[in-house]
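The values are calculated or read from the model by the stated rules, or taken from the named source; none is laboratory data. Just so it is clear, the structure is predicted and the values come from calculations on it, not from any experiment. With ideal geometry, Cβ positions are generated from the backbone for all residues, glycine too; neighbour counts draw on all protein chains shown. With ligands, DNA and RNA removed, areas are computed over all heavy atoms of the protein, side chains included. Shrake-Rupley method; radii C 1.70, N 1.55, O 1.52, S 1.80 Å.
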Amino acid sequence: MRILVIGTGYVGTTTIMAFAEMGWKITGLDTDTRKVSMLRKGVLHFYEHGLEDMLVKHLKTGNITFTSDSEQAIKAHDIIFICVGTPSNPDGSADLSYLKKVANEIGHSMNGYKLVINKSTVPVGTLEKVARWIQSSQIEPQTFDVASNPEFLREGNALVDALHPDRIIIGTQSDKAAIQLRELYQSMGCPVMLTTPRTAELIKYASNAFLATKISYINELSRLCDQLGVSIIDVAQGMGLDSRIGHSFLQAGIGFGGSCFPKDVTALIHTAEDLDSDLSILEKVMSVNQSQTMYVLNKARKQLSGFRHRRIALLGLTFKPDTDDMRQSPSLRILDKLLKEQAYVTVHDPVAKLTLDSRRNWKQCKIPEQALQRADAVILCTAWPLYSELDWSRMKHIMNKPNIIDGRNMLDAKLMRSLGFHYQGVGYE
Ligand code: UGA
């Protein structure tokens, strides 16, 4: 099989590496020539643990090549995966313009049968549109099939998730496509579900929205725990022992971020609204997510009687550890609010670099110790292991006031208090 992956973002690049690791020959196509030349040199344009080593390895094995020539690439391959971005429109709907452009290019360049598989997260019914876009841009009629094959990998765990998925979902009306995709994935050793394209598209949104719902549920519950003097960590542990509930996605904190949950939950709400169908539970998931960030920030505000002229250390900018991605990161909402309320903010992140208006009252520090110097409070926003490994007894002496707001419940409350800190967690007093 001659496999082409269009789009070398997170999903595209990881898909390329996973197929290469399975022994297939893959070409990665991106119209961004800068990205292509970096990838050809074995350099990733984003941070993802283990992926760059895999890239270097398979450039050497010859399993992967990269190109920016769409027409030639489409002509030379018969299996084409689309992995382009579907960002949010201002009204919350998904912007399908990249997808449409790629579908048109495929239709235009077709020189024989193609199987076109969409991996991008798209609203229900989009694969039908993709088929129409391909059809309408053909110069000469050619046969083709389409399939939906949503991706469930997490940033920070991309390679492991892609190589050891819980399931493969294949949505197609074509038996030929189903057989080819089953063959492609046969070495995965996980359940393969064959379904309709619409069902596959909805499974992706419904999965992300469900995980986001779990997080907002535990976050809202954490506020009640604060009132009751009960630990949300213990509650989540007890709940998770029920195998129907499970432990994952029950960690209370400052809220979820990233390029997927906020975008996908909003897009699903939008789909339901369009069809006059009630999905108000997801509206609540989003509003709890916004208010949770402010709820945690308020702990610091109360402790310091306001932020004006206070020196605050903010640890962690990315939406979660093991990524350099700051998209929709709750840390940035916290930073913005602190600056608006005239705090002086010293930020640290082991990977992400922030570019903000330099006139504003903030500084990015190279090491956490620097950010903590003379701070009136520290707000822990991302659960980078580096922060729990800090020598906190020493940190106490370099801070102006020993106030910790642990937005990820990553430190040991008892230990912190024994060191003399005024420690506040989330639902974990
Ligand atoms: C998410 C899904 O987990 C993937 O299955 C999916 O493929 C991906 O979106 C996507 O649609 O592409 P990702 O956004 O990489 O993956 O990150 P997650 O690990 O799911 O975390 C999302 C956010 O939830 C983070 O901000 C994280 O800190 C937060 N979170 C997660 C919590 O606050 N509590 C938890 O218990 C778990």
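Could you check, for the stretch 114-127, whether at least one of its residues is exposed (fewer than 15 other Cβ atoms within 10 Å of the Cβ) and not small (Gly, Ala, Ser)? Don't jump to the end; show me each part of the working.
First pass over the stretch 114-127, keeping only residues exposed (fewer than 15 other Cβ atoms within 10 Å of the Cβ): 125.
With not small (Gly, Ala, Ser) added as a condition, the list becomes none.
For the stretch 114-127, residues exposed (fewer than 15 other Cβ atoms within 10 Å of the Cβ) and not small (Gly, Ala, Ser): absent.
So which helices (runs of 4 or more DSSP H) are wholly in the stretch 1-92 and hold at least 1 residues that are of a type in the set (Val, Ile, Thr) and over 22 Å from the mean Cα position of the chain (by Cα)?
On the way: elements: 10-21, 33-40, 51-61, 70-76.
In the stretch 1-92, the matching helices (runs of 4 or more DSSP H) lie at 33-40, 51-61, 70-76.
From 278, 226, which residue is open to solvent by 20 Å² or more (accessible area, probe 1.4 Å), more than 8 Å from the ligand (Cβ to nearest atom), out of contact with any Leu (no Cβ under 8 Å at 6 or more places or on another chain) and without any contact (Cβ under 8 Å) to a residue 24 or more places away in the chain?
278
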Does residue 147 count as touching a residue at least 40 places away in the same chain (Cβ under 8 Å) and either open to solvent by 20 Å² or more (accessible area, probe 1.4 Å) or more than 16 Å from residue 114 (Cα to Cα) (or both)? no
Just give me the residues in the stretch 247-264 being farther than 17 Å from residue 382 by Cβ, open to solvent by 10 Å² or more (accessible area, probe 1.4 Å) and either more than 7 Å from the ligand (Cβ to nearest atom) or under 14 Å from the mean Cα position of the chain (by Cα) (or both), in sequence order. 247, 263
Taking the stretch 231-246 as the region of interest, how many residues are open to solvent by 60 Å² or more (accessible area, probe 1.4 Å) and touching a residue at least 12 places away in the same chain (Cβ under 8 Å)? 1
Note on residue 378: of the conditions (1) under 26 Å from the mean Cα position of the chain (by Cα); (2) surrounded by 16 or more Cβ atoms within 10 Å (Cβ to Cβ); (3) away from the ligand (no atom under 16 Å from the Cβ); (4) farther than 30 Å from residue 237 by Cα, unmet is (4)
Please pick out the residue among 346, 318 that is of a type in the set (S, T, N, Q), in contact with a strand residue (DSSP E or B) (Cβ under 6 Å, 6 or more places away or on another chain) and either in the same structural domain as residue 390 (by TED's automatic domain parsing) or surrounded by fewer than 20 Cβ atoms within 10 Å (Cβ to Cβ) (or both). 346
